[in-house]
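Report on the structure given below.
Values in this text are rule-based calculations from the coordinates and carry no lab data. All values reported here derive from a predicted model rather than from experimental measurement. Cβ coordinates were reconstructed from backbone atoms using ideal geometry, including for glycine residues, and neighbour counts include every protein chain displayed.
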Amino acid sequence: MIVDVGGVGMYELATAVPLQLGGVDFLYWAVIFMVLALVAAAVGAGGVAGVSMEIARIFVLIFIVLAVIALLL
């Protein structure tokens, strides 16, 4: 017997996939760009290091925003 809870069966509730916005991917790419920036700075490529750190900073901010949204939902 399947119990109906608000129009949704118990099986559907038990097998529901949580809402995920893919925020972890942004954190992964932020770390990649940060490592790239550190390597570029070590070999003296200041322009590449600056751009890479800016991209990493943007990805971290996007990750934080998506994490807050996911926690509020």
Honestly region 21-72 on the Cα gyration tensor test (a ≥ b ≥ c root eigenvalues; a/c under 1.5 rounded, otherwise a/b vs b/c for prolate or oblate) is just prolate
Arrange the peptides 61-68, 43-50, 30-37 so that the one whose residues have, on average, the most other Cβ atoms within 10 Å appears first. 30-37, 61-68, 43-50
